[in-house]
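The values are calculated or read from the model by the stated rules, or taken from the named source; none is laboratory data. This structure is a prediction, so every number in the text was calculated from the model and none was measured. Here the Cβ positions follow ideal geometry from the backbone for every residue, glycine too, while neighbour counts run over all protein chains shown. To get the accessible areas, we keep the full protein, side chains included, count just its heavy atoms, and leave off ligands, DNA and RNA. Shrake-Rupley method; radii C 1.70, N 1.55, O 1.52, S 1.80 Å.
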Amino acid sequence: MGSNQADAGYLAAQAQVRTIPVGLTARKIRERLIEFAMFLCALSSVAITVGIVWVLLFESWQFFSHVSIINFLTDTEWTVLFENPRYGILPLVTGTVVTSTVALLVALPLGTVIAIYLSEYAANPVKEILKPILELLSAVPTVVFGYFALLFVTPALQSLLPELPGFNMLSAGIVIGIMIIPYVSSLSEDAMKAVPVTIREGSYAMGATRFQTAVRVLIPSAFSGIASAYVLGFSRAVGETMVVAIAAGQQPHLTLNPMEGAATITAYIVQVSMGDLPHGSIAYQSIFAAGLTLMCMTLLFNIGGYLLRKKFREIY
Amino acid sequence: MKNVVFSVALVALLGLFPKASKAQLIQIDGSSTVFPITEAVSEEFQKAKKGVVKVTVGIAGTGGGFKKFCRGEIDISDASRPILKQEMETCKQSGVQYIELPIAYDALTVMVNPKNDWVKALTVPDLKKMWEPTAQGKITTWNQVRSEWPNSPLKLFGPGADSGTFDYFTEAIVGKAKSSRGDFTASEDDNVLVQGIANDRNALGYFGFAYYIENQKKLKAAPIDGGKGAVMPSAKTVEDGTYQPLSRPIFIYVSKKSLDKPEVREYVEFYLKNAPALVKQVKYVALPPSAYTIGMEHVKKGKVGTVFGGESQVGIKIEELLKREAQN
Amino acid sequence: MVTREIQAKVAANKRFDGIFAVIGLVATFVGMITLAALIFDLLTDGGGRLTYTFFTAFPSRFAAQAGILSAWIGTCLIMFVTAVTAVPMGVAAGVYLEEYARKNWVTALIEINIANLAGVPSIVYGLMALGLFVYQLKLGQSILTAGLTLALLILPIVIVATREAIRAVPSTMREAAYALGATKWQTTRDHVLPYSMGGILTGVIIALSRAIGETAPLITIGALTFIAFLPDSPIKAEFPFISFEWLMSPFTVMPIQMFNWVSRPQQEFHLNAAATGLVLMVMTLLMNGVAIYFRYRFRKWIKW
């Protein structure tokens, strides 16, 4: 009879339901394991930071027992390697800030314009060729860029600005900017590409030009990705070592004028750690103090960048 | 099918790697100034031993080299300056004993632009006036150094303040190591300094002899008057000690414990025997033959310690130095 | 607005659009021209040195006999270790942070932290790796240490790129998968990751390109400049046929060899350095080529 069949069916279903939880548990365990493995990977980034901060703090501690922090932060000369050492970090800080600013002034506009061009204007086959070629820029060894800045860009700039010294922050900054163009352009273009086509087509349907679509619709939608690209570009510019060591000079110099030579924090660290100074001397320990300062600077900037991004993120 | 082909290709490719035999390894690290000499010696040594002994050479810098040396990680340390007190302490604490072997001279050459026709010779007081810390911002033209020189800007070039070259030059000229004005164009890469001087009529700079020899068309070396007349730097004047005070010895430091290994002992003896010829090839200046003989004796006797007392010594003949009592 | 005004505005917009197309092309060319200038410069100096002996000879004090054998093999082996370490770890970390982690202040801290790590100078990574890998973990001055150091260096780039790529996948995709009863991992593996592969691969390309050109951190952890022998072969003739001894071998890499040669006084060494630079760029292109090919395929396949 009908109800018997229904009962049988119900009982059968019950029997099956009772067996399902076993399968679910095994799957749950696997899920948890995978999640845990991924969590460990994410934790590794924290572990790396701890390691780096530990190394920096450990050596800086000994440095700061000889040099007062106030003196370190306010003195205007960094002559650690000379006979009467002075330990003011400001010249190195201005060196880093000026070169990075020049680099970002080159890379951010150019990179974004290129990203818009590749995203909206270039035909697909052209784009798939141009993008790897631009990415090849980030593959050039930094040593090559350094010598390029020194031997090619500086003389070229000197023909425009005759007063330009052989070592200056302008060439170094420009070359670093060119070097990080792929960071900005490739990652931004990816972010813009990932915006759903419905949004893009909606904009075109309303009669917007390619430029208007890109600027008013795509960039706000892809803001998170583009901001990340900017932050990565900034980090790369600040952390760049060899280009500045070769082209900007190695004499710390407190100036905001990019047309002069100066040393950045990174160039100083490389110079001393690969030089002839005894390890364990106060001059050697000064590189850790300088590195710590750099990390604090980038931390402040990154916190600011994060808060800004949080405010302006758009979700679709 | 594709996978099979791929795997076979991979195996075939990897099989191209030569089979390494269980060879002995000699590890050397340190100064990039000494590197070309050590490279030459290691190259010839490996050829002579037909690959039975392997040698590796790094360029972590004199400071980095001593750090590894005093930790017992390397057998030989390349050094462009004598071992300093701090490093002597570290080695003492870790029980590493070393044999100090000068192996060549690096003549610091003062160079000017070929179009510079007013510098006939430079005395130590001239150079001191140009380079001492008080000159910073004040001595900016040639005629401030000697009134008969032209009133054109004085453009100075030199190695970075972390290098042994800088230390030695300041000690020899100004009288105290690292005592120098700060407003000169500094670079780690001496080739850059060559370029700088070659492009500026009013330039003056100092760096290693090898860079002068290779760029003789672009640069003009200034004879140095160390008190006994103007002497041009050359292999001869450095070797017989007349080019003073800018001839500096460069060293290798060998760990006494490593000398117990037969291959290291052979290597060091090979080094001292072939240094005169090889040093010339890489454009450094050889020490007088007696210096190498004395070095060989020290190796045989196991004479440890440094004769420099943990700091640089300027202007003393190498044989005198080697005869001194060594300090540990 | 009057029709004529509207038409004028539309025409102005169209004109600017055309102008911007030119601006964009010029901007792209700035990058390309720099690249072309660099390659041209390297070619004219080093092109003549690209002989068979150059690739199969060891370094030497005679510039004409010196070769890059130990250098390019060192670079290949190290990049292999770096890629195998950094890519899975970076992608896993990015996936976790984006898909699994709760959006609280801890994750915000980790996000800031990762962006900060991208700005640490490479030599500081070298100094840290010296203390950690070489001394503490006793891995020695080996290929393994070098690969791990570079992997740590580029990890932030991979993580950031992965996160952005995953973030860009519309939530409709995920929700559709969940609606059909997929677990979190199934959704991620089969739905989110394939769509974000393109962006992830871009990050991998940029990251590996950075790693291959690094000099300073490797010198700090003990990379050599003169090494006239190769590491042990991974394939052995006896059991167990695969050996990992090469991981613990001393090494050198192309950028270091180049850096050393370019600082020598002899002009002939500078030519060698230019040739090395060229070869390095070709190697990078080959390495990226694999990722570029996959990225192209993935991007073609996206259907939204």
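Every residue in region C:253-289 that is within 20 Å of C:LEU230 (Cβ to Cβ) and facing another protein chain (nearest Cβ under 7 Å), please.
Answer for region C:253-289, where residues must be within 20 Å of C:LEU230 (Cβ to Cβ) and facing another protein chain (nearest Cβ under 7 Å): C:PRO255, C:MET258, C:ASN260, C:LEU280.
Condition test on C:ALA146, is it more than 10 Å from chain A (Cβ to nearest Cβ) and assigned to a helix (DSSP H, G or I)?
Yes; evaluated as a whole, the condition is true for this residue.
So which of A:GLY261, A:GLY275, A:GLY249 is touching a strand residue (DSSP E or B) at 6+ places or on another chain (Cβ under 9 Å), open to solvent by less than 10 Å² (accessible area, probe 1.4 Å) and not hydrophobic (A, V, I, L, M, F, W, C)?
Answer to the check: A:GLY249.
Taking only region C:163-201 into account, find how many residues are among the basic types (Lys, Arg) and under 24 Å from A:LEU232 (Cβ atoms).
Of the residues in that region, 2 qualify.
What number of residues within region B:143-164 satisfy the criterion of being open to solvent by less than 60 Å² (accessible area, probe 1.4 Å) and within 14 Å of chain A (Cβ to nearest Cβ)?
At the first step, the residues of region B:143-164 found to be open to solvent by less than 60 Å² (accessible area, probe 1.4 Å) are B:143, B:145, B:149-150, B:152, B:154, B:156-164.
Checking which are within 14 Å of chain A (Cβ to nearest Cβ) leaves us with B:156-164.
The qualifying residues number 9.
Out of (1) at the interface with another protein chain (Cβ under 8 Å from one of its Cβ atoms); (2) open to solvent by 20 Å² or more (accessible area, probe 1.4 Å); (3) under 21 Å from B:ILE213 (Cβ atoms), the odd one out for B:PRO114 is which?
(1)
In region B:190-234, which residues are buried (at least 22 other Cβ atoms within 10 Å of the Cβ), within 14 Å of chain A (Cβ to nearest Cβ) and part of a loop (DSSP other than H, G, I, E, B)?
none
Considering only residues that are outside any helix (DSSP H, G or I) and free of Cβ contacts under 8 Å to residues at least 60 places away in the same chain, look in region C:265-304 and name the one that is farthest from A:VAL144 (Cα to Cα).
If we take residues in region C:265-304 being outside any helix (DSSP H, G or I) and free of Cβ contacts under 8 Å to residues at least 60 places away in the same chain, then C:LYS303 is farthest from A:VAL144 (Cα to Cα).
Part of a helix (DSSP H, G or I), of a type in the set (Ser, Thr, Tyr) and in the same structural domain as C:LEU132 (by TED's automatic domain parsing): does that describe C:THR252? First the steps, then the outcome.
Working: part of a helix (DSSP H, G or I): no; of a type in the set (Ser, Thr, Tyr): yes; in the same structural domain as C:LEU132 (by TED's automatic domain parsing): yes.
Against the criterion (part of a helix (DSSP H, G or I), of a type in the set (Ser, Thr, Tyr) and in the same structural domain as C:LEU132 (by TED's automatic domain parsing)), C:THR252 does not qualify.
Which pairs turn up if I take residues in region C:114-134 that are more than 14 Å from A:ALA47 (Cα to Cα) and look for partners that are part of a loop (DSSP other than H, G, I, E, B) and of a type in the set (Ser, Thr, Tyr) with beta carbon separation below 9 Å, at least 6 apart in sequence or on another chain?
Sorted first by the residue in region C:114-134, then by its partner, the pairs are C:PRO121/A:THR241; C:SER122/A:THR241; C:SER122/C:THR215; C:ILE123/A:THR241; C:VAL134/C:SER142.
Please pick out the residue among A:SER281, A:SER286 that is surrounded by fewer than 20 Cβ atoms within 10 Å (Cβ to Cβ), within 30 Å of B:MET88 (Cβ to Cβ) and within 14 Å of chain B (Cβ to nearest Cβ). Give the derivation first.
Values: A:SER286 fails: surrounded by fewer than 20 Cβ atoms within 10 Å (Cβ to Cβ).
Testing whether each residue is surrounded by fewer than 20 Cβ atoms within 10 Å (Cβ to Cβ), within 30 Å of B:MET88 (Cβ to Cβ) and within 14 Å of chain B (Cβ to nearest Cβ) leaves just A:SER281.
C:GLY67 passes all but one of (1) touching a strand residue (DSSP E or B) at 6+ places or on another chain (Cβ under 6 Å); (2) without any contact (Cβ under 8 Å) to a residue 60 or more places away in the chain; which number fails?
C:GLY67 satisfies every listed condition except (1).
Restricting attention to region B:76-94, report how many residues are closer than 26 Å to B:ILE294 by Cβ and either at the interface with chain A (Cβ under 7 Å from one of its Cβ atoms) or open to solvent by 10 Å² or more (accessible area, probe 1.4 Å) (or both).
Matching residues across region B:76-94 total 7.
C:LEU38 is checked against (1) open to solvent by less than 10 Å² (accessible area, probe 1.4 Å); (2) more than 9 Å from chain A (Cβ to nearest Cβ); (3) in a helix (DSSP H, G or I) and fails just one. What number does that condition carry?
Of everything listed in (1) open to solvent by less than 10 Å² (accessible area, probe 1.4 Å); (2) more than 9 Å from chain A (Cβ to nearest Cβ); (3) in a helix (DSSP H, G or I), C:LEU38 misses just condition (2).
If you go through region C:178-194 one residue at a time, how many are touching a residue at least 12 places away in the same chain (Cβ under 8 Å) and within 19 Å of C:PRO88 (Cβ to Cβ)?
6
Which of the residues that make up region C:55-72 are open to solvent by less than 20 Å² (accessible area, probe 1.4 Å) and facing another protein chain (nearest Cβ under 8 Å)?
C:PRO59, C:SER60
Would you mention how many residues in region B:60-75 are more than 10 Å from chain A (Cβ to nearest Cβ) and either within 19 Å of B:TYR271 (Cα to Cα) or open to solvent by less than 10 Å² (accessible area, probe 1.4 Å) (or both)?
Counting residues in region B:60-75 that are more than 10 Å from chain A (Cβ to nearest Cβ) and either within 19 Å of B:TYR271 (Cα to Cα) or open to solvent by less than 10 Å² (accessible area, probe 1.4 Å) (or both) gives 3.
Quickly run through region A:289-316 and pick out the residues that are open to solvent by less than 10 Å² (accessible area, probe 1.4 Å) and either assigned to a loop (DSSP other than H, G, I, E, B) or over 23 Å from A:GLY173 (Cβ atoms) (or both).
Result: A:ALA289, single match.
Listed here are the residues, each with its yes/no results for (1) under 16 Å from A:LYS193 (Cβ atoms); (2) touching a residue at least 60 places away in the same chain (Cβ under 8 Å); (3) open to solvent by 10 Å² or more (accessible area, probe 1.4 Å).
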{"residue": "A:VAL102", "(1), (2), (3)": "no, yes, yes"}
{"residue": "A:LEU105", "(1), (2), (3)": "no, yes, yes"}
{"residue": "A:LEU110", "(1), (2), (3)": "no, yes, yes"}
{"residue": "A:ALA115", "(1), (2), (3)": "yes, yes, no"}
{"residue": "A:VAL126", "(1), (2), (3)": "yes, no, yes"}
{"residue": "A:ILE133", "(1), (2), (3)": "no, no, yes"}
{"residue": "A:LEU137", "(1), (2), (3)": "no, no, no"}
{"residue": "A:VAL140", "(1), (2), (3)": "no, no, no"}
{"residue": "A:GLY146", "(1), (2), (3)": "no, yes, no"}
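Can you go through C:ALA21, C:ALA27, C:ALA93, C:ALA8 and tell me which one is of a type in the set (Gly, Ala, Ser), at negative phi, assigned to a helix (DSSP H, G or I) and more than 7 Å from every other protein chain (Cβ to nearest Cβ)?
The match here is C:ALA8.
Return the only residue of C:VAL87, C:VAL124, C:VAL106 being part of a helix (DSSP H, G or I) and modelled with pLDDT of 90 or more.
Working: C:VAL124 fails: modelled with pLDDT of 90 or more; C:VAL106 fails: modelled with pLDDT of 90 or more.
The unique qualifying residue is C:VAL87.
Among B:THR90, B:THR62, which is the only one that is part of a helix (DSSP H, G or I), in contact (Cβ under 8 Å) with a residue 40 or more places away in the chain and of a type in the set (S, T, N, Q)?
It is B:THR62.
In region A:195-205, what count of residues is obtained for those that are open to solvent by 20 Å² or more (accessible area, probe 1.4 Å) and in contact with a helix residue (DSSP H, G or I) (Cβ under 9 Å, 6 or more places away or on another chain)? If you could, list the steps in order and put the result at the bottom.
Taking region A:195-205 and keeping what is open to solvent by 20 Å² or more (accessible area, probe 1.4 Å), we get A:197-202, A:204-205.
Filter again for in contact with a helix residue (DSSP H, G or I) (Cβ under 9 Å, 6 or more places away or on another chain), leaving A:199-200, A:202, A:204.
Here the count works out to 4.
Restricting attention to region A:3-42, report how many residues are open to solvent by less than 70 Å² (accessible area, probe 1.4 Å) and either within 7 Å of chain C (Cβ to nearest Cβ) or at pLDDT 85 or above (or both).
Number satisfying all stated conditions: 7.
Here is a check on your reading of the model: is A:ALA205 away from chain B (no Cβ under 14 Å) and among the hydrophobic types (A, V, I, L, M, F, W, C)?
Spelling it out, A:ALA205 is indeed away from chain B (no Cβ under 14 Å) and among the hydrophobic types (A, V, I, L, M, F, W, C).
Determine which member of the set C:ILE200, C:ILE205, C:ILE219 is surrounded by 20 or more Cβ atoms within 10 Å (Cβ to Cβ), among the β-branched types (Val, Ile, Thr), assigned to a helix (DSSP H, G or I) and more than 9 Å from chain A (Cβ to nearest Cβ).
C:ILE200
Within region B:246-257, does at least one residue satisfy the condition of being under 13 Å from B:TYR105 (Cα atoms) and without any contact (Cβ under 8 Å) to a residue 60 or more places away in the chain? Give the derivation first.
So in region B:246-257, the residues under 13 Å from B:TYR105 (Cα atoms) come out as B:246-252.
Among the residues that remain, those that are also without any contact (Cβ under 8 Å) to a residue 60 or more places away in the chain are: none.
No, region B:246-257 contains no residue that is under 13 Å from B:TYR105 (Cα atoms) and without any contact (Cβ under 8 Å) to a residue 60 or more places away in the chain.
Give region C:158-177 a look and list any residue that's closer than 30 Å to C:TYR125 by Cα and open to solvent by 10 Å² or more (accessible area, probe 1.4 Å), or say none.
Scanning region C:158-177 gives C:VAL160, C:ARG163, C:GLU164, C:ALA165, C:ARG167.
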